[in-house]
Amino acid sequence: MAQYVRGPSAVAIIRLRNPPVNALSFTVIEALEDGLKRATADPSVKAVVICGENGKFSAGVDIHTFSSAEETRRAGLPAFISVIESTEKPVVAAIEGIALGGGLEVTLGCHYRVAHVQARLGLPEVTLGLLPAAQGSQRLPRLIGLPAALDMITTGKHIPAAEALKLGLVDEVVEGDTVEAAIRLANKVIGQPLAPRRLSLRTVPSLPNADAVFSQALARVKKQAPGYMAPEFCIRAVRAAMELPFAEGLLKERELFTVLLTSGQARALQYAFFAERAVDKWTTPWGTSWKSASPQPIRRAAVLGLGTMGQGIVISLARANIPVVALEQDQEHLDKGRKAVVAVLEREASKMKKGTRAPDFHDPARLQFTLDFKALRDVDLVIEAVFENMALKKEIFRKLSEICKPSAFLCSNTSALSIDEIASATRRPEQVIGTHFFAPAHIMRLLEIIYGRQTSPTTIATAVRLAKTLKKVGVVVGNCHGFVGNRMMFPYGEQAVFLLEEGSTPEAVDKVIEDFGFKVGPFRMSDLSGLDVGWSSRKEQGLTGASVPPGTPARQRGGRRYSPLPDILCEKGRFGQKTGQGWYQYEKAGGRTPKPDPWFHNFLAEYRATHHIKTRFIDQEEILERCLFPLINEGFKILGEGIASGPEHIDVIYLNGYGWPRHVGGPMLYASTVGLPRLLEKLQKYSEAHPDVPSLQPSAFLRKLVAVGNPPLKEWMSYAGQQRNKL
Ligand code: 3H9
């Protein structure tokens, strides 16, 4: 846990050891304390170096311990950090790899810090719904000043050693052996006064505009994540460092930390941390899993179609140093795509550090733009990113299966179409898989990976590995219309429009959803992405309702309720931001700021009258429940059918691709917070009131979980059993 080494010199070494990341559990802290006691008691020891095993200092406190307030209190890290600082022998931290959270806080108790050039340092507690409560919020501002400390603590970012040196966070950066360098420094400072090195004796450097710095930071965090407590609490803790003596600041830090620790937000964020790591472990209903699959290397890839999605995918591959062939059907689209891709890559290259050689994106061996299908002959993997049209996709896959080498994997970037049907056009269905990127594909972290009935485990594992190489979170799911993310979105969007019919407004619905924590509500989102997108796909499927004659039955289709409102807006040319009018109005076509639109409100009133809809006041609670509960209900259907391997998989999709507020953990964790019996009861109530809306009818799996006594989320899948064979 912590090894005490007494070498021939006057410097003792205490080495943290808790693989894989040297997390600080109770036992590790105890062992560290013991090591320090021995070093202090030994008269031949004149200085101490603290370092970590396996090239890592520490990733901070073991996050598992936060599930119990008692365990967190017992761990006693803050008190130990005071002990390090008060030691009468110089203590030097040797930072290799990472010093994060409690790990960095340990180094702030040390009198000196030496970092390896490749080390990364940070206080990421805020990303876990917490604040640096092992004295970090009080020590860091005293060391590096208010603005830099506020930035690090409220963003949780990891900074490289060179930046840490500039900020004064470390005393030395070395390229060679960090522990040796720390020993050298320790030997040098033996006998020097330690008081100036004790951060608790310092004050935060004064700043004439401190108030303005705090207000700006507060405004920034409120805008970035409304309703998210931790960043605001971090600011309050840093303010205490500025305004209070050290000991009082520590009390404030502890008080704020305790509130955060016991909040649902910290639980949600820590759940999200582990969920993102759990999604690598995929399973299919027919028994294959990550355990038995080995990925194949992708040495060269191709992207077919250079629209917005294709461009983003090419950028992602090129960034990851995978040579790419980008294919279009005509010169005009090829040139347009090439221009857009190269512009982004060159902009990024120009920001690279001085001395680093920028990759040459004009080298065809790295990035080739072509109209020739035959250029795809030798690639290991192709990602098709053309229009959502099944006939077109099938034709392309048929061609790909003829042209590409037999071992090549064929991926489709479809957002809803059947992977099985696409695969049926090829002679290698086991190598066909869905790779659903999210726009903009070079920025969004999510990659939904969709296996079909015949997709092989090797193909799945290769797509999962590709996601990692592209620095994305890959989530493996089964094949159904809309897969996981979009399938759950359908009832959400549908309910939002029904609420308008029944008496609400776009402004009211958006406000409720945004207050919940989404960056944009459903109507602002619809205006942003364009109403025409859904309209054209509905038209293709013969599903639009604008032409149906007025009257209540017009709002039904095959016995289920259907709102033609979005279709009517499209028929009037109101596509959203791009036309300057949609659910809202904008100052001009392409405008960004939505304003309530009196025309739309009049139109809505007329529409309701035409369809004899009696309106009523709809309160915030109903808006929230009517939008979110059917979405969650669909999630339970997905789990019951085995389309997702577990609730964490759904939540990771929603956190990384759909803007679900991270501090609420994802739709399925939210369901467990609401309580499954309550969720069921509400769905039953709404479905009785709206019997022609299938998405409100509670899923069989949700009913089952309630019937077996509302088990914790971790146990849900053990009840999915027989239902998982419906794929
Ligand atoms: C804190 O310190 C609070 C203090 O202020 C004191 C308050 C009183 N604990 O991510 P990876 C596991 S809060 C437990 O796949 P990478 C992780 O789950 C803490 N486990 O590797 C995974 O396990 P598995 C502040 C941890 O190389 C394995 O290690 N610190 C912890 O991509 C490998 O992780 C943080 O927020 C932990 N602290 O990235 C740092 N950290 O193999 C959180 C990791 O079973 N950690 N694990 O799936 C990270 O950011 C990344 O894990 C890290 C490595 C950059 C370290």
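The values are calculated or read from the model by the stated rules, or taken from the named source; none is laboratory data. Bear in mind the structure is a predicted one, so any value in this text is a computation, not a measurement. Note: ideal-geometry Cβ built from the backbone for every residue, glycine included; neighbour counts use all protein chains shown.
Can you tell me which residue is surrounded by the most Cβ atoms within 10 Å (Cβ to Cβ) among those in the stretch 276-305 that are aliphatic (A, V, I, L, M) and away from the ligand (no atom under 16 Å from the Cβ)?
Ranking the candidates gives VAL303 first.
Within the stretch 306-319, track down each residue that is over 12 Å from LEU367 (Cα atoms) and either among the aliphatic types (A, V, I, L, M) or within 16 Å of the ligand (Cβ to nearest atom) (or both).
Passing the criteria: LEU306, MET309, ILE313.
Evaluate the following for PHE273: is it aromatic (Phe, Trp, Tyr), within 12 Å of the ligand (Cβ to nearest atom) and assigned to a helix (DSSP H, G or I)?
Criteria met by PHE273.
Condition test on GLU175, is it over 24 Å from GLY101 (Cβ atoms), in the same structural domain as LEU130 (by TED's automatic domain parsing), within 37 Å of the chain's Cα centre (by Cα) and at pLDDT 95 or above? Give the steps one after another, and end with the answer.
Numbers: over 24 Å from GLY101 (Cβ atoms): yes; in the same structural domain as LEU130 (by TED's automatic domain parsing): yes; within 37 Å of the chain's Cα centre (by Cα): yes; at pLDDT 95 or above: yes.
So GLU175 fits the description; yes.
Tell me, which residue of the stretch 2-20 that is of a type in the set (A, V, I, L, M) and buried (at least 18 other Cβ atoms within 10 Å of the Cβ) is modelled with the lowest pLDDT?
Only one residue fits best here, namely ALA2.
So, restricting to helices (runs of 4 or more DSSP H) that lie completely within the stretch 391-503, which ones have at least 2 residues that are assigned by TED's automatic domain parsing to the domain that holds GLY305, farther than 30 Å from LEU565 by Cβ and in contact (Cβ under 8 Å) with a residue 40 or more places away in the chain?
By residue number, 419-423, 457-469.
From THR455, THR435, THR426, grab the single residue that is among the polar types (S, T, N, Q), in contact with a Ser or Thr (Cβ under 8 Å, 6 or more places away or on another chain) and over 15 Å from GLY312 (Cβ atoms).
Numbers: THR455 fails: in contact with a Ser or Thr (Cβ under 8 Å, 6 or more places away or on another chain); THR435 fails: over 15 Å from GLY312 (Cβ atoms).
Step by step, each of THR455, THR435, THR426 is checked, and only THR426 is among the polar types (S, T, N, Q), in contact with a Ser or Thr (Cβ under 8 Å, 6 or more places away or on another chain) and over 15 Å from GLY312 (Cβ atoms).
Give the residues of the stretch 40-58 that are crowded, with 24+ Cβ neighbours inside 10 Å and either over 20 Å from ALA115 (Cα atoms) or of a type in the set (A, V, I, L, M, F, W, C) (or both), sorted by residue number.
ALA47, VAL48, VAL49, ILE50, CYS51, PHE57
Suppose we filter ILE190, ILE183, ILE153 for residues that are of a type in the set (A, V, I, L, M, F, W, C) and surrounded by fewer than 19 Cβ atoms within 10 Å (Cβ to Cβ); which single one remains?
Being of a type in the set (A, V, I, L, M, F, W, C) and surrounded by fewer than 19 Cβ atoms within 10 Å (Cβ to Cβ) holds for just one of ILE190, ILE183, ILE153, which is ILE190.
LEU36 is checked against (1) closer than 22 Å to ARG267 by Cα; (2) away from the ligand (no atom under 14 Å from the Cβ) and fails just one. What number does that condition carry?
Among (1) closer than 22 Å to ARG267 by Cα; (2) away from the ligand (no atom under 14 Å from the Cβ), the lone unmet condition for LEU36 is (1).
Here is a yes/no grid of residues against (1) within 28 Å of GLN270 (Cβ to Cβ); (2) touching a Cys at 6+ places or on another chain (Cβ under 8 Å); (3) in the same structural domain as PRO90 (by TED's automatic domain parsing):
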| position | (1), (2), (3) |
| --- | --- |
| GLY156 | yes, no, yes |
| ASP171 | no, no, yes |
| VAL179 | no, yes, yes |
| ILE190 | no, no, yes |
| ASN209 | no, no, yes |
| ALA217 | yes, no, yes |
| PRO226 | yes, no, yes |
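Show me the helices (runs of 4 or more DSSP H) entirely contained within the stretch 570-662 in which 2 or more residues are buried (at least 18 other Cβ atoms within 10 Å of the Cβ) and over 32 Å from the mean Cα position of the chain (by Cα). Reasoning before the result, please.
Details: elements: 598-610, 620-641, 647-657.
Because the criterion is at least 2 residues that are buried (at least 18 other Cβ atoms within 10 Å of the Cβ) and over 32 Å from the mean Cα position of the chain (by Cα), the helices (runs of 4 or more DSSP H) in the stretch 570-662 that meet it are 598-610.
For ALA93, are the conditions met, namely being assigned to a strand (DSSP E or B), within 11 Å of the ligand (Cβ to nearest atom) and either farther than 22 Å from GLN265 by Cα or in contact with a Pro (Cβ under 9 Å, 6 or more places away or on another chain) (or both)?
no
Just the residues that are surrounded by 21 or more Cβ atoms within 10 Å (Cβ to Cβ) and of a type in the set (Gly, Ala, Ser), please, taken from the stretch 306-348.
GLY310, GLY312, SER316, ALA318, ALA326, GLY337
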